[in-house]
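The values are calculated or read from the model by the stated rules, or taken from the named source; none is laboratory data. Quick caveat: nothing in here was measured; it's all calculated off a predicted structure. Quick reminder, even Gly has a Cβ in these numbers, built from the backbone with ideal geometry, and neighbours come from all protein chains shown. The protein model used for the area step is the full one, side chains on, heavy atoms only, and it has no ligands, DNA or RNA in it. Shrake-Rupley method; radii C 1.70, N 1.55, O 1.52, S 1.80 Å.
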Amino acid sequence: MTTDSHRNVSEVQALFNPAFGAYLLASAVNTATKKADRPLPWPSAFLILPLVLPADTRDSLPGKSTVTLTAWAHENPRLQAAFAERAAALTDYTRTSLRTAMRHRAIDVTPGGLVCPRTPKPASAAPGEEVADCARAAALVGRWLAVTDPTRAFTTLGVRP
């Protein structure tokens, strides 16, 4: 294996580390609950990582939250068409990341949904720009999910809740 292949393998392992997934989920939940002033419905958590982790999807996300989830989906039909498959492929990873977040008290489950008991630390670009990009994308997705009914979000992205 070349050095580039080793680097790519370690990047993939880092992105699919349950602790990293827990951090991204906590970042999104924290942003969503602050924006909506209510817990994030737990099914919405299964939309976060499939929007944040794949580089092509993350790179297509707008820089500002003035673009809605629905508008983004209509502007990116190829990504919208692939989303259901990606969401299904990341379901187990999302579950594992949620369990990790709950075990470490980064996310709590309440009768109303998910809350973040403490604000996650901001990601620095020191370990790599991709980590910071993922954290920014998670915050954007959190803002989207705060103002989008879960059923509508799933439908917009072509996933049955």
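Charged side chains reduced to their Cβ positions (Lys and Arg at +1, Asp and Glu at -1) give the stretch 73-161 a dipole of some 300 debye around its Cα centre.
Could you tell me which label, among (i) 15.7; (ii) 17.0; (iii) 18.8, carries the value of Kirkwood radius over Cα pairs in Å calculated for this structure? Working out Kirkwood radius over Cα pairs in Å from the coordinates points to (i).
Taking all protein chains as they are arranged and a probe of 1.4 Å, the heavy atoms of Val109 leave approximately 90 Å² accessible to solvent.
Structure remark: mean-square fluctuation, Gaussian network model of the chain, C-alpha springs under 10 Å; the largest value among Thr148, Thr100, Thr110 belongs to Thr110. Overall, the chain carries a charge dipole of about 580 debye about its Cα centre when +1 sits on the Cβ of Lys and Arg and -1 on the Cβ of Asp and Glu, all other atoms neutral. Amide hydrogen proximity for Leu114: with H placed 1.01 Å from N in the peptide plane, the residues at 5 or more positions away or on another chain lying under 5 Å are Leu40, Trp42.
Think of a 1.4 Å ball rolled over the protein heavy atoms: the chain then has 53 Å² of accessible area per residue.
Cross-link partners of Lys35 among aspartates and glutamates, defined as those whose alpha carbon lies under 19 angstrom from its own and excluding same-chain residues fewer than eight positions apart: Asp108, Asp149. Between the stretch 37-56 and the stretch 100-161, how far is it from one alpha carbon centroid to the other, in angstrom? Using only Cα atoms to place each centre, the spacing works out to 5 Å. Positive-end ranking of Leu69, Ala106, Val52 along the dipole of the stretch 51-112, with charges on Cβ about the Cα centre, is headed by Ala106. Here the accessible area of the chain is 56 percent carbon and sulfur, with a 1.4 angstrom probe and all protein chains present. Net charge dipole, the stretch 110-160: roughly 200 debye, given to the nearest 20, about the Cα centre with Cβ charges of +1 for Lys and Arg and -1 for Asp and Glu.
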